[in-house]
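Asks: Following this message is one structure expressed as structure tokens.
The values are calculated or read from the model by the stated rules, or taken from the named source; none is laboratory data. Here the structure is a predicted model, which is why all the values come from computation and not from measurement. In this analysis, Cβ positions are derived from the backbone assuming ideal geometry, glycine residues included, and neighbour counts consider all displayed protein chains.
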Amino acid sequence: MKEKFKIKSLVELYDFIPEEERILVDVLRQIVLEVFKNQAKEKFSYNVPFFYGNRSICLIWPSTVPRGGIKSGVMIAFWYGSSLEDKNDFLRSGTNRQIFYRIFKKLDEIDISGLQEILKEALEFDQTFKKK
């Protein structure tokens, strides 16, 4: 029987992914944590860092982790991306009508202020939901 692939912690994730993805994940996580402060929590779900408040907000998915649907880089995806105003056209939409994302392949591609803005908007949108 095939053993199920399961990453349960940041340390396990960092051991699994290549250095260039590890750096991107770490920088993206720090930006998310800084914006969300104590208004959202982080957990590991689907083998990646996942952030939630009243509902799911976003996740960070390195391409090395199976089932992410990306070939290279690190994706930050927003569960309710289609509901965000996204004034600066930061996010991309794929085949999923609800989840919008952005993929980074190099550190210098990260627009920190753009990311902070969309994270703040996603957090505000999350506050419109009642706690489960």
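Asks: Applying the selection to region 108-132, what residues are in a helix (DSSP H, G or I) and either in contact with a Pro (Cβ under 6 Å, 6 or more places away or on another chain) or free of Cβ contacts under 8 Å to residues at least 40 places away in the same chain (or both)? Spell out the reasoning first.
Replies: Residues of region 108-132 that are in a helix (DSSP H, G or I), as a first pass: 108-109, 112-126.
Selection gives D108, E109, S113, G114, E117, E121, E124.
Asks: Now for a separate question. Kindly indicate whether E3 is surrounded by fewer than 17 Cβ atoms within 10 Å (Cβ to Cβ) and at pLDDT 90 or above.
Replies: On the way: surrounded by fewer than 17 Cβ atoms within 10 Å (Cβ to Cβ): yes; at pLDDT 90 or above: no.
Taking the combined requirement at face value, the residue does not satisfy it.
Asks: Mind checking which residues of region 3-42 are part of a loop (DSSP other than H, G, I, E, B) and of a type in the set (A, V, I, L, M, F, W, C)?
Replies: Of region 3-42, the ones part of a loop (DSSP other than H, G, I, E, B) are 3-9, 17-18, 37-40.
Residues satisfying the conditions are F5, I7, I17, A40.
Asks: Being in a loop (DSSP other than H, G, I, E, B) and among the small types (G, A, S) is the filter; apply it to region 54-89 and report the residue that is farthest from I17 (Cα to Cα).
Replies: Here is the first cut: in region 54-89, the ones in a loop (DSSP other than H, G, I, E, B) are 54-55, 63-73, 79-80, 84-89.
Those left that are additionally among the small types (G, A, S): 63, 68-69, 72-73.
On the way: S63: 9, G68: 13, G69: 16, S72: 12, G73: 11 Å.
Across region 54-89, the extreme among qualifying residues is G69.
Asks: If you don't mind, another one. Which members of region 92-132 meet the condition of being of a type in the set (G, A, S) and in contact with a helix residue (DSSP H, G or I) (Cβ under 9 Å, 6 or more places away or on another chain)? Quick ask: steps written out before the conclusion?
Replies: The first filter runs over region 92-132 and keeps only residues of a type in the set (G, A, S), leaving 93-94, 113-114, 122.
Passing the criteria: S93, A122.
Asks: Quick check, is G68 in contact with a Ser or Thr (Cβ under 7 Å, 6 or more places away or on another chain) and buried (at least 16 other Cβ atoms within 10 Å of the Cβ)?
Replies: Here the answer is no, as G68 does not meet what is asked.
Asks: Can you report the number of residues in region 25-65 which are out of contact with any Ser or Thr (no Cβ under 9 Å at 6 or more places or on another chain), of a type in the set (F, W, Y) and modelled with pLDDT under 95?
Replies: Within region 25-65, residues that are out of contact with any Ser or Thr (no Cβ under 9 Å at 6 or more places or on another chain), of a type in the set (F, W, Y) and modelled with pLDDT under 95 number 1.
Asks: A further question on this structure: Going through R55, R97 one at a time, which residue ends up being closer than 27 Å to K131 by Cα, touching a residue at least 24 places away in the same chain (Cβ under 8 Å) and among the basic types (K, R)? Break it down into steps so the answer makes sense when it comes.
Replies: Details: R97 fails: touching a residue at least 24 places away in the same chain (Cβ under 8 Å).
When all the criteria are applied, what remains is R55.
Asks: OK, next. Pick from region 14-43 the residues that are hydrophobic (A, V, I, L, M, F, W, C) and closer than 18 Å to K105 by Cβ: which of them is surrounded by the fewest Cβ atoms within 10 Å (Cβ to Cβ)?
Replies: Going through region 14-43, the residues hydrophobic (A, V, I, L, M, F, W, C) turn out to be 16-17, 23-25, 27-28, 31-33, 35-36, 40.
Subsequent filtering for residues that are closer than 18 Å to K105 by Cβ retains 17, 23-25, 27-28, 31.
Numbers: I17: 20, I23: 15, L24: 25, V25: 23, V27: 17, L28: 22, I31: 17.
Result: I23.
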